[in-house]
Amino acid sequence: MSEDYRDMWKNLGLDLEAHDALLEVLGNAYQDIYMTQQDRPEGMGYFDFVMSEVHGLRIKELMDKKEAGQKIIGSFCVFVPEEIVLAADAALVGLCAGADFAMEEVDKFLPRNTCSLIKSAFGFNLGKVCPYIESADMIVGENTCDGKKKAYETLNNLVPNLYVMDIPQMKSIEGRDLLKAEYMRFKNAVEELTGITIDSARLKKGIEIVNNKRKAVHRLSILRKANPAPLSGLDALLINQVFFYDDPIRFTDSVNKICDELEKRIEKGEGVLPKGAARILISGCPMAVPNWKLPWIIESSGAVVVGEESCTGERGTRNLTDDSASTVDELMESIVDRYFKVDCAIFTPNPDRLNHIEEMVKTYKADGIIHYGLQFCQPYLMESMSVEKAIEAKNIPMLRLETDYSMEDVEQLRTRVEAFVELLSFRR
Ligand code: BJ8
C-alpha cells in the first residue's frame with residue numbers, strides 16, 4: 001500500500017497498526033480462498049482489483065468526492081434506497097460487518113448472544129479499522145431485527161452522525177404507508193445533508209443508474225442456470241459484495257463485461273466444475289465482506305453454489321424500480337413499491353420469501369438448499385424451520401446450518417456439507 005493511503009487512513013482516524021493487521025489477515029484469506037480457484041473467468045480480475053483496493057483506491061475516490069463537496073452515506077441494509085442517495089449526488093456504501101474484530105471491546109457494549117453481523121459492525125467501529133464508517137457523513141441504521149434496532153441505540157452514542165430509519169414489519173397498507181413516510185423523511189434528510197433539492201430529473205437518473213446495476217446482476221444470475229455453471233458461487237458472492245462498495249456505473253460495466261465472457265464460456269460448454277457437480281442454492285442471512293466461509297466450504301466439497309437467496313444476492317437485487325412516472329411523488333411511490341417487495345425475515349408473515357426460494361430452486365436447477373443462519377439471528381433461524389418443512393414437503397433436500405464468523409467450526413460444517421453433497425449426488 002502506498003504512503004498516500006497511510007496518510008489518508010491516519011487522517012480518517014484509523015488505528016494504523018490494527019488496520020495493518022486486519023489487511024494482512026484479509027489479504028491472506030483472499031489468497032487462500034479466491035486465488036486458489038481454478039478456471040476463473042478473466043473478468044474476475046476487475047473484482048480482485050476492487051477487493052485489493054477496497055480500503056485504498058475506493059476510499060481515495062470517496063475522499064476526492066468529499067473534497068468536491070459530495071457526501072458519503074453508509075448503510076447496513078438493503079432497505080436504504082440508493083436511488084435517493086444518487087439523486088443528491090451522494091454515494092451510498094456498505095459498512096464493514098463481515099468479520100470478527102476487537103471482540104473484547106464489543107463485549108463491553110453488546111450482549112454475547114448478539115449475531116456476528118452486528119458484533120462485527122461494532123468491532124470495526126470500536127477498533128477504528130473501517131474507513132467507510134470514518135468517511136461517512138451519515139450512517140443509516142434501520143429498524144429491522146430487534147438486535148439491530150437496539151444496537152443502534154448504543155451506536156448512537158459511539159458515532160456522531162447516525163440516522164435511524166423505521167422499517168415496517170408487516171406487508172399491510174399501514175406497513176406500506178410507514179415505508180413511504182420513512183422514505184420521504186429520508187429524502188428530506190439527504191436533501192438537508194447535501195444541500196441539493198431532489199427533483200424528478202435527478203430522481204429518474206438515480207433510478208436509472210441503480211436499475212442498470214440490478215439489470216447487470218440479473219443478467220449474471222441467469223447465466224448461472226447453465227450446466228456446468230460458468231462461475232463459482234464464491235465469485236458470484238464477491239460480485240454481490242462489491243455491489244455495495246463500488247462506483248455504480250463502473251460496477252455495471254464490469255458485470256456486463258464478465259457476462260459477455262460467460263456467455264462465450266457457456267457456448268463452449270465450459271464451467272468451473274464438471275457438469276455432474278451438485279448444484280446448491282444458499283438461502284438465509286446476508287454475507288458481508290469478508291464472510292466467504294460457507295461458499296468456500298461448499299465449493300471445496302465438490303459442489304457448486306448456483307444462487308443466493310440473500311441480501312448479498314437475489315433478495316437484495318431483484319425487482320427494478322419503475323421509472324416511467326414524471327413527478328417526484330410518483331417516482332417515490334415507485335421506489336416504495338420496489339423496496340416493499342424485499343422479503344426479509346423481519347416481516348411477519350413472510351410467504352413471499354418461501355415462494356422466492358422455490359422459484360430460485362427451479363430457475364437455477366438447484367439440487368438442494370443450504371440454509372445459512374447466523375447464530376442468535378432470531379428472524380432467519382426461526383423462519384428456517386417453517387422453510388425447511390415446506391421445502392422438504394416438495395421433496396427438495398435442505399440442510400440447515402447455524403454458524404458465526406469464527407473459523408472454529410469449519411471442520412464440523414465441512415463434515416455436514418460433504419454428507420449433504422453426497423446425498424445430492426446420489427439423488428441425481
Ligand atoms: S433486509 S436481511 S440486510 S435486515 S443476521 S442483523 S437479521 S440478527 S442482516 Fe438484513 Fe436488511 Fe433484512 Fe437484508 Fe439481525 Fe439476523 Fe443479525 Fe441480520
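Here is how the numbers come out for the structure above:
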quantity	calculated
Order of THR317, THR312 - criterion: other Cβ atoms within 10 Å of each residue's Cβ, fewest first	THR317, THR312
GNM result for the chain, Cα springs below 10 Å: residue of ILE249, ILE346, ILE167 fluctuating most strongly	ILE249
Listed residues SER75, PHE251, MET385: farthest to the positive end of the dipole of the chain (Cβ charges)	MET385
Cα→Cβ-extended label distance, 7 Å offset, between ILE249 and GLU24, nm	4.0 nm
Distance (nanometres) between label positions extended 7 Å along Cα→Cβ at MET407 and SER300	0.8 nm
Over the stretch 224-288, volume per residue of the alpha carbon convex hull, in Å³	80 Å³
Signed unit charges on C-beta, dipole axis of the stretch 156-236, positive-most listed residue GLY195, ILE209, LEU223	LEU223
Potential extension, ASP137-ASP260 segment - 0.36 nm per residue separation minus Cα distance	40.6 nm
P(r) histogram, all alpha-carbon pairs of the stretch 79-191 included - 5 Å bins from 0, percent	2, 11, 20, 22, 19, 13, 8, 3, 0
Ranked list, fewest to most other Cβ atoms within 10 Å of each Cβ, for TYR30, TYR152	TYR30, TYR152
Charge dipole (debye, nearest 20) of the chain; +1 at Cβ of Lys and Arg, -1 at Cβ of Asp and Glu	1160 debye
Computed [θ] at 222 nm, deg cm²/dmol, the chain (DSSP H ≥ 4; -39,500 (n - 2.57); rounded to nearest 500)	-16500 deg cm²/dmol
Ranking of SER75, SER232 by count of other Cβ atoms within 10 Å, fewest first	SER75, SER232
Modelled FRET efficiency - R0 25 Å, GLU105 with GLU153, Cβ distances, 0.05 increments	0.90
Size of charge dipole - the stretch 346-395 - debye, nearest 20, with Cβ of Lys, Arg +1 and Asp, Glu -1, no other charges	60 debye
Dipole in debye (nearest 20) - the stretch 136-281, about Cα centre, beta carbon charges: Lys, Arg +1; Asp, Glu -1	680 debye
Kirkwood Rh and Cα Rg combined as Rg/Rh, the stretch 365-428	0.99
Gain upon complete extension [GLU61, ALA201; 0.36 nm per residue less C-alpha separation]	47.9 nm
Trypsin sites (Lys or Arg not before Pro) within the stretch 360-396: DSSP coil, no more than 11 neighbouring Cβ in 10 Å	LYS394
Relative frequency of Cα-Cα separations exceeding 27 Å in the chain, percent	51 percent
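Since every read-out is calculated from the coordinates, none of them should be taken as a lab result. Nothing here was measured: the structure is a model prediction, and the numbers come from that model. Glycine gets a Cβ as well: all are built from the backbone with ideal geometry, and neighbour counts include every protein chain shown.
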